[in-house]
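Have a look at the structure below before the remarks.
The values are calculated or read from the model by the stated rules, or taken from the named source; none is laboratory data. Keep in mind the model is a prediction, meaning the values are calculated, not measured. Reconstructed Cβ throughout: ideal geometry from the backbone, glycine too, with neighbour counts over all protein chains shown. SASA here: full protein model, heavy atoms, side chains in, ligands and nucleic acids out. Shrake-Rupley method; radii C 1.70, N 1.55, O 1.52, S 1.80 Å.
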Amino acid sequence: MTTKFMNRSVQAHPFHLVEASPWPIAVSFSLLVVTLSGVMTFQGYSNGLFLLTLGFISLVSTMTLWFKDISREGTFQGHHTFAVQKGLSLGFVLFVISEIFFFISIFWAFFHSSLAPTVELGAHWPPAGIETLNPWEVPLLNTVILLSSGATVTYAHHSLIQGNRAGVIYGLIATVALAAVFTGFQAFEYYNAPFTFSDGVYGSTFYMATGFHGIHVIVGTIFLTVGLFRVLSYHLTDHHHLGFEQAILYWHFVDVVCSLGPGALRAPGSKEWARFAGPSLDLLLASPKAAFIAIQEVREPWFPRLNRFNSIGRKVFED
């Protein structure tokens, strides 16, 4: 009788069969409220901001309780075996890959418009009337700050593996502090930007890329803050810290996007960047005709759909 009871209670496989949880449907409902109330707020409907605040509080609360259950399952109940960790790692890698392609689509939209500006844009990039940001001021400073945070979080990771508890704590505190400074500077940059989201394709792609990157920085900061509290609570060891490793991987992904953002989104059209790149690139940025000729010679064989732009462009420049 005892043997039968033990056979029924002992799990015969290394996988985690999760129990029923209310948090997935609760998070989905909270996201729906945030989306609808956000649209209401942007469109100027009454009580839109109030509903958006409630939706955001509900989202943060449900995600906190969900993460708490996951931490309990992995730390105290022992459900995160090596097989489970392998599956979680694979799922997170696939998630990061999907994020990479998400940002590729935004950069693709930007370069599609900047390398072959249409006649509607005046065959010139940036479009007329757009005053670009100086990439050597706040953007460069923010890039240095975020790349430095990548170094501090790597130091914290190696300290955890080596059993240096103080190094982990100080490294994470420095990383979270640098992330907060980065977010503050980006808010300052948005507040003082000479163009808005509605200023054509330049404003749309700029704020889409930098805005979503800023959201990813905030999410990564939350991940690392949770990791810091788990270190303070003695949840992580040198061989069992999967969530912390995934937060670090996510943060390095944010670093890479940040290193591409200032140069790609802010530099084209900037005189300082053009002088740095050389007189030939300065000519392309200063002269729409030179840009047109370069695009025609280099890209026409590979992009037949630019033929319409080429034919119209010839008439414009000939006139």
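For the reader, a short list of remarks on this structure follows.
- Answer residue from the stretch 156-213, given it is part of a helix (DSSP H, G or I) and polar (S, T, N, Q) and is surrounded by the most Cβ atoms within 10 Å (Cβ to Cβ) among those: Thr175
- All of Ser46, Ser37, Ser21, Ser30 fail the test of being open to solvent by 40 Å² or more (accessible area, probe 1.4 Å) and farther than 26 Å from Leu242 by Cα, apart from Ser46.
- Selection from the stretch 1-42 of residues that are over 30 Å from Ala83 (Cβ atoms), modelled with pLDDT of 90 or more and not aliphatic (A, V, I, L, M): Phe29, Ser30, Thr35, Ser37, Gly38, Thr41
- One residue from Glu131, Glu99 being under 23 Å from Leu31 (Cα atoms) and of a type in the set (Asp, Glu): Glu99
- Qualifying position, being free of Cβ contacts under 8 Å to residues at least 24 places away in the same chain and either in contact with a Gly (Cβ under 8 Å, 6 or more places away or on another chain) or surrounded by 15 or more Cβ atoms within 10 Å (Cβ to Cβ) (or both), among Ala128, Ala151: Ala128
- Filtered residues of the stretch 54-86 (kept if farther than 21 Å from Gly220 by Cα, surrounded by 13 or more Cβ atoms within 10 Å (Cβ to Cβ) and either among the acidic types (Asp, Glu) or without any contact (Cβ under 8 Å) to a residue 12 or more places away in the chain (or both)): Glu73
- In the stretch 101-125, the residue that is nearest to Val257 (Cα to Cα) out of those that are open to solvent by 70 Å² or more (accessible area, probe 1.4 Å) and among the hydrophobic types (A, V, I, L, M, F, W, C) is Ile104.
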